[in-house]
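Only the coordinates and a few stated rules stand behind these numbers; no lab work does. If you're wondering where the values come from, they're calculated on a predicted model, not measured in any experiment. All Cβ positions, glycine included, derive from the backbone under ideal geometry; neighbour counts span all protein chains shown.
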Amino acid sequence: MTRDFIVGVLFLAAIFILGAITILVRGVPFGGQEHNLVVHFDNVAGLNTGDTVRIRGYKSGEVTEIKLDDQSGSVVVNLRLYVEGSPRIGYLFQVQQVSMLGGTFVAYTKGSGDLIPASETLRGESGGDLFSSVGDLLSDNRDNVTYALEHLASLLIKMDTGEGLVSDIFNDPQIGENFAQTFADLRIFADDLARGEGLAGALFSDENLKAEFKKILLDVGHQLDDIRAGRGTVGMVFNDEEFRSKVEKIVNDVDKITASFEDNEGLVGLLI
């Protein structure tokens, strides 16, 4: 066995290993039947030959050819799938971005209806890229963006020249001192709470006060339950129609009597 023979064997083995690694990296499965599809796009958004085809995010094929069709005015894309991927009614081919840094792929949804006839032209769409979407958004809302920028510039000018309430907040020393004092008071209040000082601090730290406060809340809850259930005088006023009518009649009678006093009507009115 000569040295040249050994070198040749090692070279062929290296080529074989390199090819296998290339296939694995590209996500091409071994074996299986390939399926070729031809899809027409109005815009491929930077799609390139060799980009992947993904079904539910799984690498299932690649783009083998991209060319312009002068007759239809569309971009014809040839796809090679390594899984069974016959399109059905409801199918979707969409060019999407891998990330903001670039890169594209074809997202393929096979659909769930009947099989699409082989004679029918398959159509795809472009999902667009982030920068194009932002550009379209700014273009469609150009007047609103200009209006907002003009008002922002006006606000900054007023702040710089000392006009308006916002400028006063940033430039008036007294308002600044008031804000500082407010934050200082909040800091003191928080410290008192942490140390258990003051009424609020005692409420959070004193077990007896917490128990009393909890009892008061329970009593209030019971009173509200009684009112909703129509128990007690207040509950009857809110829930018993007959009792409420009587109370309203008494109030009306008192109002009439008071009015008669003011008009000097009746015996009491004459005496007054």
task = Report, ordered by chain and residue number, the lysines lying within cross-link reach of Lys59, taken as a straight Cα distance under 24 Å and ignoring same-chain residues fewer than 8 apart.
result = Lys67, Lys110
ask   = How would you rank Val53, Val247, going from fewest to most other Cβ atoms within 10 Å of each one's own Cβ?
value = Val247, Val53
request  = May I ask which residue of Ser112, Leu101, Val76 lies farthest towards the positive end of the charge dipole of the range 31-129, with charges of +1 (Lys, Arg) and -1 (Asp, Glu) on Cβ and the Cα centre as origin?
outcome  = Ser112
task = Under 19 Å from a label point 7 Å along Cα→Cβ of Glu120: give me every residue in the range 36-78 with its amide N that close.
result = 36-42, 77
query = Between Ile257 and Phe16, what is the spin-label point distance in nm, taking each point 7 Å from the Cα along the Cα→C-beta axis?
reply = 11.6 nm
query = Simple spin-label model, 7 Å along Cα-to-Cβ: Thr146 to Arg244 in nm?
reply = 6.0 nm
ask   = In what sequence do Lys214, Lys110, Lys59 fall when counting other Cβ within 10 Å, fewest first?
value = Lys214, Lys59, Lys110
ask   = Got a sec to turn the phi values of the range 247-255 into Karplus ³J(HN,Hα) couplings, 6.51 cos²θ - 1.76 cosθ + 1.60 with θ = phi - 60°, whole Hz, x for Gly and Pro?
value = 4, 5, 5, 4, 4, 5, 4, 4, 5
